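We did not get these values from a lab; they are worked out from the coordinates using the rules stated. Note that the structure is predicted; figures quoted are calculated from it, not measured. A quick note on method: Cβ atoms are made from the backbone with ideal geometry, for glycine too, and the neighbour counts reach across all protein chains shown.
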Amino acid sequence: MSEGSDNQTAADHKQEDGQDIVQRIKRLAVTLRQDRIILEDLRAMLARQRAHVASVLAFVYPVELGDDGWTICGLRLVHADDIHGWLASEETAAALGMVAVVVDYVAQSMGVPARYPVIPRGSRSVVVNPGSTPAQTAPLFMLRAGDRPRLRGAIRLVATDIEQLLGMFGIDDIDRHQILPNLTQLLLAVENSSFAQ
């Protein structure tokens, strides 16, 4: 008789253990559903925050198409080969400095390291090429005519960063040579992404 009662007791314990496991799984399922809701809410909040950052950047650094072409804060972004004279050089350097600020803020707000990190320093901003050994900085400004090739290279790196960030929104068909229109498209994509959440 004692053997039968021991078997019954063991079976009762197994059934209780099984019921405990089922209850724990049910509690975990409820917690998991709650965590998913919290995660979706956080994602939506983050998207709204990113959209806010993009709209503030678009307001502070307005990119517009005027009679003289595209401008950022009223400054033209002249192709490196078309820069002649100190004034054109400084205007382009200031415009590129503003582009650097926008690219840096967007990359940070998206939590994405830019392929070629920019270091915004106003009209003396630089872009880092971590692929070179050692990592080199390329100026987004031109102090003398000899800096023109490095400036062209730096502009290509910034254009690649903008292309990388646009790619996160599925926008791949861009003209790399059009930095300011691409920057506008990037800010619009970030702003509109909050509505997709």
Whole-Hz Karplus couplings 3J(HN,Hα) for the range 52-68, θ = phi - 60° and coefficients 6.51, -1.76, 1.60, Gly and Pro as x, run 5, 4, 5, 5, 5, 4, 5, 6, 6, 10, x, 9, 9, 9, x, 5, 8
Test of the criteria: in the range 133-197, which trypsin sites (Lys or Arg not before Pro) are in a DSSP loop and have at most 13 other Cβ atoms within 10 angstrom of their Cβ? Arg144, Arg176
How high is the relative contact order of the chain, in percent, counting Cα pairs under 8 Å that sit 6 or more residues apart? 20
Over the range 127-197, what relative contact order in percent results from Cα pairs under 8 Å that are six or more residues apart? 20
Listed values [x] 155; [y] 170; [z] 129, entry calculated as volume of the Cα convex hull per residue in Å³: [y]
Determine the relative contact order of the range 59-161: mean sequence separation of Cα pairs under 8 Å and six or more apart, normalised by residue count, in whole percent. 21
Residue-wise HN-Hα coupling along the range 33-50, computed from phi with Karplus coefficients 6.51, -1.76, 1.60 (Hz; x: Gly, Pro): 4, 5, 5, 5, 5, 4, 4, 5, 5, 5, 4, 5, 5, 5, 5, 5, 5, 4
In debye to the nearest 20, how big a dipole does the chain give about its Cα centre with +1 on each Lys and Arg Cβ and -1 on each Asp and Glu Cβ? 560
Tilt, helix 148-167 to longest principal axis of the chain (alpha-carbon atoms), in degrees rounded to tens, equals 30
Environment charge of Thr184, counting only residues whose C-beta is closer than 12 Å and scoring Lys/Arg +1, Asp/Glu -1: -2
What is the spin-label model distance, in nm, from Thr160 to Ala29 if the labels are put 7 Å beyond Cα along the C-beta direction? 5.0
Once phi is turned into θ = phi - 60°, what whole-Hz ³J(HN,Hα) does the Karplus curve with 6.51, -1.76 and 1.60 give for every residue of the range 72-81, x standing for Gly and Pro? 10, 6, x, 9, 7, 9, 7, 4, 3, 6
Could you check what % of the DSSP bridge pairs in the range 48-197 are antiparallel, to the nearest 5? 90
Among Ala135, Trp86, Val106, whose Cα sits farthest toward the positive end of the charge dipole of the range 67-139 (+1 at Cβ of Lys/Arg, -1 at Cβ of Asp/Glu, about the Cα centre)? Ala135
For the chain, calculated [θ]222 nm from helices alone, where every DSSP H run of n ≥ 4 adds -39500 (n - 2.57): -22500 deg cm²/dmol
With only Lys, Arg, Asp and Glu charged, each at its Cβ (+1 for the first two, -1 for the last two), find how big the charge dipole of the range 18-61 is about the Cα centre; round to the nearest 20 debye. 80
